[in-house]
Amino acid sequence: MLLDILRLSLRNIRHRGLRSWLTVIGILIGTAAVVALISVGQGLQRTIARRVEQIVGYNTILVTARGLNLGQRIRLDVEALRAIPGVKSAIAVRTETAYVEGPGGKGFLAVLGYDPAMAEFVTEMNLTVASGRALEAPGEVLLGSRTARVLGAEAGDTVRIEGRPFRVVGILQAQRAGGFATGGLSLLDLLVISLSELRQLFPGPELVHYAVVRLADRADMALVRERIRAHLSAVGERNAALTDFEDLTRNIQSVIRGVQAFLAGIAGIALLVGGVGVMNTMYTAVLERTREIGVLKAIGAKDSHVLLLFLFESGLMGLAGGALGLLTGLGVAWVATLVVSRVFEAQGAFAPALTAGLVFGSLLFAFAVGALSGLFPAIRAAKLPPVEALRYE
Amino acid sequence: MSAALVELQGVTKVYRLGEVEVPALRGVDLAVRPGDFLALMGPSGSGKSTLLHLLGLLDRPTAGRVLWEGADVTRLNGARLAELRGRRIGFVFQMFNLVPNLTALENVELPLVFLGVPWRERRQRARAVLERLGLGDRLRHRPNQLSGGQQQRVALARALVTDPALLLADEPTGNLDSATGREILALLAELNRQGRTIVLATHDPEAAAVAQARLRLRDGRIVEVA
Ligand SMILES: Nc1ncnc2c1ncn2[C@@H]1O[C@H](COP(=O)(O)OP(=O)(O)OP(=O)(O)O)[C@@H](O)[C@H]1O
Ligand SMILES: [Mg+2]
């Protein structure tokens, strides 16, 4: 009998034609917006998790100033970190401001101490040169393209850093993204010399932007963190914080989730408006079919039959809007991620997420919005006294 | 004299229109016995439809009792009344009142749907009744593809498909031309000859003439039985 009532509901929906479609479109738009946002958001979360893993890695600890502030320096000795049991390797990114004289200009410029191990930790540190070659021997320097212009130098020239001569062997390729890994300085504006030479030039205390520590296999994360903290307090550094992969993803994810919840809330309002559309359609339907309701009751329909008849109608419209909205939303998400990938050159790694939870959740939600919006009209229909319904003109 | 199928005892019905009370029935005693064919007559507003609705358990009296096969049904809940209506009572209306987006066959099946009769049996019974009423070639037509007389015959089929103990007809010829109206009346007379209990409300003396007895209503009272 439920199935028969469902069939009747379907008939009535089809019978209303355009009006049913308009109602369904209301739900469709809301669902599509919600689905697109969630799908893009989940895709973004996944992409970021993967990127963070690529940059930092699961078994890695980041040592920075509090609040992940890479611009602020902290005091630590990377050699001491390397000596901690359970640490496989470690790097620290250090820059100093030096007085630099070139053939065509001079000034106070930032110098980065480079350690080949950095490249294996941080993709951005995989320095590529636009002209010339990489660092190979002591007494060599690479210039950022802007620095090269300031100093009026090119490959083969000599520049003096704090009075000591360095031979320019290459000019760095300009990178659009960047700055994050180099302590907030763009590669455009740097000079790069070997870390050991930077230490000779600036023999004072080691002040670094950040350090990355990689753990040996099966090392105990908590224990290593404890030892790093011990080192920091030994050198008198109170402002440092440790972040591992999980902390980092948790932080980033919670920001994304917050933004996503906000946007989904707005999209949810669109869905709510769709629900109001359903309610309006159903109230109109109850009014138009008052007489029919009376007839149904006269020939033996119970209140519950009438209730179900109208609930199924609104629920089915919700479900139809949900299904179409799901497809539309996934389409929108797909296009949006294509555009975003293009704009931010995210190398195609960014794809919208399609999970079973999203599919069934959105369908169920749309059905519920439809059925709930139809609840009051349906109750009104079910409660109509048969005699009054029959007299209704 | 056999026991009444449905009986009204001292029934009054008062409608309330805001402050104003509109008495539709003012103390009616009436027994409908199996095999009866009664015509309710009287001017507009005299209470014919109201009386019919009370006999059909579509409404509750303001005062008095309604007995169905000897049992007081005045206080039964809505679902039980709906079930009694579905199993034991058939209604035919002046406006035919078919469901517009269902075919003739589906309209006739509808009361059986609410009784939970399985699909195959439903279809068979609906088809049989429609064929008996001469509509075997109109099964798949929708109401708006049928003439008034045909629609009323579909409505009659819908009322009869449950094989009800009581058939109630409220001005069933009111929207038909006289020839078509006569066809419907002949059908009712034929049904009554086969033993069906019928109560008919009508303005039309010609319609009332086919009944076994005529009750005249005025201002909510039965003033004459002939
Ligand atoms: N729902 C209602 N609210 C208020 N008054 C009502 C209602 N239903 C019926 N009435 C009143 O009750 C009285 C009897 O109405 P009823 O419909 O039974 O008359 P009737 O004999 O069937 O008339 P007609 O021949 O026009 O169909 C009328 O005065 C009518 O106005
Ligand atoms: Mg009437």
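Do the conditions hold for A:Val34, that is, is it under 24 Å from A:Leu223 (Cβ atoms) and either within 14 Å of chain B (Cβ to nearest Cβ) or crowded, with 18+ Cβ neighbours inside 10 Å (or both)?
Numbers: under 24 Å from A:Leu223 (Cβ atoms): no; either within 14 Å of chain B (Cβ to nearest Cβ) or crowded, with 18+ Cβ neighbours inside 10 Å (or both): yes.
Here the answer is no, as A:Val34 does not meet what is asked.
Would you check if there is a residue in the range A:365-386 being closer than 28 Å to A:Asn280 by Cα, within 28 Å of the chain's Cα centre (by Cα), assigned by TED's automatic domain parsing to the domain that holds A:Leu287 and open to solvent by 20 Å² or more (accessible area, probe 1.4 Å)? First the steps, then the outcome.
Of the residues in the range A:365-386, the ones closer than 28 Å to A:Asn280 by Cα are A:365-386.
After this cut, where a residue has to be within 28 Å of the chain's Cα centre (by Cα) as well, the list is A:365-366.
This time we only want the ones that are assigned by TED's automatic domain parsing to the domain that holds A:Leu287, so: A:365-366.
Restricting the remaining residues to those that are open to solvent by 20 Å² or more (accessible area, probe 1.4 Å) gives A:365.
Taking every residue of the range A:365-386 in turn, at least one turns out to be closer than 28 Å to A:Asn280 by Cα, within 28 Å of the chain's Cα centre (by Cα), assigned by TED's automatic domain parsing to the domain that holds A:Leu287 and open to solvent by 20 Å² or more (accessible area, probe 1.4 Å).
Residues of the range B:150-195 being within 14 Å of another protein chain (Cβ to nearest Cβ), open to solvent by 20 Å² or more (accessible area, probe 1.4 Å), more than 16 Å from ligand 1 (Cβ to nearest atom) and touching a residue at least 60 places away in the same chain (Cβ under 8 Å), which ones?
The answer is B:Ala165, and nothing else.
Going through the range B:91-110 one residue at a time, which ones are in contact with a strand residue (DSSP E or B) (Cβ under 8 Å, 6 or more places away or on another chain) and at the interface with chain A (Cβ under 8 Å from one of its Cβ atoms)?
Residues of the range B:91-110 that are in contact with a strand residue (DSSP E or B) (Cβ under 8 Å, 6 or more places away or on another chain), as a first pass: B:91-94.
Once the filter is applied, which keeps residues that are in contact with a strand residue (DSSP E or B) (Cβ under 8 Å, 6 or more places away or on another chain) and at the interface with chain A (Cβ under 8 Å from one of its Cβ atoms), the range B:91-110 yields B:Phe91, B:Phe93.
Got a number for residues in the range B:18-49 being open to solvent by less than 10 Å² (accessible area, probe 1.4 Å) and either among the hydroxyl-bearing types (Ser, Thr, Tyr) or away from ligand 1 (no atom under 13 Å from the Cβ) (or both)?
Count: 3.
When residues of the range A:276-310 are filtered for being in a helix (DSSP H, G or I) and at the interface with another protein chain (Cβ under 10 Å from one of its Cβ atoms), how many remain? Steps first, please.
Taking the range A:276-310 and keeping what is in a helix (DSSP H, G or I), we get A:276-288, A:290-298, A:303-310.
Adding the requirement that they be at the interface with another protein chain (Cβ under 10 Å from one of its Cβ atoms) leaves A:291-292, A:294-298, A:303-306.
Result for the range A:276-310: 11.
When residues of the range B:111-126 are filtered for being open to solvent by 20 Å² or more (accessible area, probe 1.4 Å) and either farther than 16 Å from A:Ile299 by Cα or more than 10 Å from chain A (Cβ to nearest Cβ) (or both), how many remain?
Here the count works out to 7.
Pull up the range B:1-44, narrow it to residues that are within 16 Å of ligand 2 (Cβ to nearest atom) and within 14 Å of chain A (Cβ to nearest Cβ), then point me to the one that is nearest to B:Gly174 (Cα to Cα). Walk me through how you get there before you give the answer.
So the first thing to find is which residues in the range B:1-44 are within 16 Å of ligand 2 (Cβ to nearest atom), and the list is B:13, B:15, B:22-25, B:28, B:38-44.
Keeping just the survivors that are within 14 Å of chain A (Cβ to nearest Cβ) gives B:13, B:15, B:22, B:24-25, B:44.
Working: B:Lys13: 25, B:Tyr15: 25, B:Val22: 25, B:Ala24: 21, B:Leu25: 22, B:Ser44: 13 Å.
My answer is B:Ser44.
For the structure I just gave you, tell me whether A:Ser20 is away from every other protein chain (no Cβ under 14 Å) and open to solvent by less than 30 Å² (accessible area, probe 1.4 Å). So that I can check it myself, show each step before the final result.
Values: away from every other protein chain (no Cβ under 14 Å): no; open to solvent by less than 30 Å² (accessible area, probe 1.4 Å): yes.
Answer is no for this residue.
The values are calculated or read from the model by the stated rules, or taken from the named source; none is laboratory data. What you see is a predicted model; the values in this text were computed from it and never measured. Using ideal geometry, Cβ is built from the backbone for each residue, glycine included, and neighbour counts are taken over all protein chains shown. Surface areas here come from the heavy atoms of the whole protein model, side chains and all, with no ligands, DNA or RNA. Shrake-Rupley method; radii C 1.70, N 1.55, O 1.52, S 1.80 Å.
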